[in-house]
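These notes concern the structure reproduced below.
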Amino acid sequence: MPTLRRVVRLLLASGLTLACGQQPTSLPSSAQATPTPPPSAGAGFVYAPSAAAVHAFDVDRETGALSPLSGSPFPGGSPEEAGPLLFVPSTRMLFGARYQAPVYRADLRTGALTLLGQVQAREGLGLDATGRHLYAVGGSFIGPGGIDFIPYPGKTWAYAVDPGTGGLSQLSGSPYDGGYYPVGATVTQAGRLLLVCNQGYSGHYYISEGIPSLSVYARNDTTGVLASVPGSPFDVACFGERWLAVTPSGRALFSAGRSLPAGEGRIEGYRLGTDGRPLPASQLAYGAGSVESLALDPSGRWLFASLGYGQQTLLVLAVDDEAGLAQRQQIAVDGPAGRLQVDPSGRFLLEWRGGHLHVWVLDRDRGILQAALGSPLQDEGGPALALVGSVAFDPSGRHGYVATRQADGTFRILPFLLDAAARSVTPLRDGARSLPAEPAGLTFVPAEP
């Protein structure tokens with residue numbers, strides 16, 4: 001759920017108003033390039049943006065070990081909490097996810113990055129699968145208005161992306177009206193809808209007291225132009241992208257929901273109608289506590305939910321395109337369960353808990369989780385102190401990379417091996433590399449054959 005730390009950060013940034021965004025623009029008129037490194041013989045590249053630069057590493061094709069890339073670090077970077085860079089294979093471009101998001105082009109032979117521009121997407125940025133259209137959300141703020149404060153809803157900006165220069169051209173009708181405090185933008189895999197989570201507003205400074213909602217826009221896949229679906233924003237509890245899961249077909253979505261009157265929580269399922277309206281289809285009450293994260297496996301069959309304080313539980317739910325929900329497994333864990341992530345193969349579930357990265361093996365036929373051998377992921381002297389949400393995978397899911405904090409306060413990237421046959425996770429400490437600053441996230445980009 002939204003934190004007071006986040007609220008205070010936004011308040012300080014805006015003085016008398018609580019600013020969540022401005023109209024995005026592309027800033028530099030010319031690209032900034034660095035000397036070209038030699039071609040890579042590796043499997044790909046791992047990029048770790050920090051506040052001042054992007055640190056880049058070559059990945060050994062066989063061992064998964066990291067080597068600093070020639071020319072690294074590259075100019076630009078993303079501030080803390082901005083998240084990993086988003087890669088679009090068709091245009092070879094990488095976009096920052098939020099907060100003055102940088103735009104790069106990657107040379108897939110060498111791994112070199114060229115800074116193309118910047119998008120002032122304060123609270124969230126979404127891309128279609130082709131990278132031709134970009135959507136940014138923000139603009140919500142609170143202005144003085146007597147005893148309480150007057151809320152101003154956010155906006156959604158839509159842009160065409162020039163595949164050659166990275167330049168942005170605003171689309172017809174943009175910006176579009178949005179909900180209060182939009183924090184994430186997701187284009188469904190089918191491409192017909194844009195979903196935006198809104199944290200909501202209750203008449204007070206504290207966003208956590210707000211009523212969350214979901215804005216839904218119908219999307220023209222050819223032009224990228226949006227049209228607000230009648231009735232949007234909808235009464236769907238969506239505090240952010242990690243509390244929302246959409247099936248690969250784009251026909252159903254699942255929300256972490258909100259507390260019932262008796263103080264119990266529920267997970268909710270919705271069918272997305274032909275016009276894009278979310279239609280209530282199912283719900284599953286889980287007792288006290290709250291959902292900390294949802295994650296869906298690549299097949300769209302299994303939904304995972306982590307329950308935090310009051311439960312300390314992992315749930316596995318069977319789901320379908322009709323938004324059906326059926327509990328398959330409930331696992332008690334030794335602390336509040338946290339952020340979840342599924343590897344690209346769908347065989348492993350990662351769970352951040354107590355500062356450590358716990359790894360689970362999924363039986364994809366039965367929907368049953370079992371703790372992987374070697375979990376939680378180990379580093380020198382004990383469990384690795386894994387930064388939340390900072391894992392990248394190669395496309396096969398065999399090798400993963402996690403940013404860790406060392407005992408002396410420094411940071412590094414620790415590779416690890418996922419072995420489905422052995423049902424194990426193994427740290428590859430010899431292939432680890434240090435970072436000079438905390439990264440906003442990690443991104444793996446495959447090298448050109």
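Looking across the range 230-250, the residues that are of a type in the set (Ser, Thr, Tyr) and touching a residue at least 60 places away in the same chain (Cβ under 8 Å) come down to 247, 249.
Among the candidates 398, 405, single out the residue that is closer than 22 Å to residue 302 by Cβ and either modelled with pLDDT of 95 or more or within 21 Å of the chain's Cα centre (by Cα) (or both).
Working: 405 fails: closer than 22 Å to residue 302 by Cβ.
From the options 398, 405, the qualifying one is 398.
Listed by first and then second residue, the pairs linking a residue in the range 423-439 that is touching a residue at least 40 places away in the same chain (Cβ under 8 Å) and of a type in the set (D, E, K, R) to a residue that is surrounded by 15 or more Cβ atoms within 10 Å (Cβ to Cβ) and in a loop (DSSP other than H, G, I, E, B), with Cβ atoms under 7 Å apart and 6 or more places separating them unless they lie on different chains, are 423/372; 430/65; 438/50.
The strands (runs of 3 or more DSSP E) located wholly in the range 409-448 that include 2 or more residues which are in contact with a Lys or Arg (Cβ under 9 Å, 6 or more places away or on another chain) and buried (at least 17 other Cβ atoms within 10 Å of the Cβ) occupy 411-419, 433-435. Among the residues of the range 338-345, not a single one is more than 19 Å from the chain's Cα centre (by Cα) and either crowded, with 17+ Cβ neighbours inside 10 Å or within 19 Å of residue 432 (Cβ to Cβ) (or both).
Out of everything in the range 90-104 that is part of a strand (DSSP E or B) and of a type in the set (A, V, I, L, M), what residue ends up being surrounded by the fewest Cβ atoms within 10 Å (Cβ to Cβ)?
So in the range 90-104, the residues part of a strand (DSSP E or B) come out as 93-95, 101-104.
With of a type in the set (A, V, I, L, M) added as a condition, the list becomes 93-94, 101, 103.
Values: 93: 22, 94: 25, 101: 27, 103: 26.
For the range 90-104, the residue satisfying everything is 93.
Restricting attention to the range 137-148 and to residues that are of a type outside the set (Gly, Ala, Ser) and more than 20 Å from the chain's Cα centre (by Cα), the residue that is modelled with the lowest pLDDT turns out to be 147.
When 314, 369, 377, 357 are checked against the criterion of being of a type in the set (A, V, I, L, M), out of contact with any Lys or Arg (no Cβ under 8 Å at 6 or more places or on another chain) and within 19 Å of residue 290 (Cα to Cα), 314 stands alone in meeting it. Any residue at all in the range 273-281 that is surrounded by 15 or more Cβ atoms within 10 Å (Cβ to Cβ) and assigned to a strand (DSSP E or B)? Yes - at least one qualifying residue is present in the range 273-281. You will find that of 113, 94, 134, the residue that is under 17 Å from residue 53 (Cα atoms), at pLDDT 90 or above and under 21 Å from the mean Cα position of the chain (by Cα) is 94 and no other.
The values are calculated or read from the model by the stated rules, or taken from the named source; none is laboratory data. In this text the structure is predicted, and so the values were computed from the model without any measurement. FYI the Cβ positions are ideal-geometry reconstructions off the backbone, even for glycines, and counts take in every protein chain you see.
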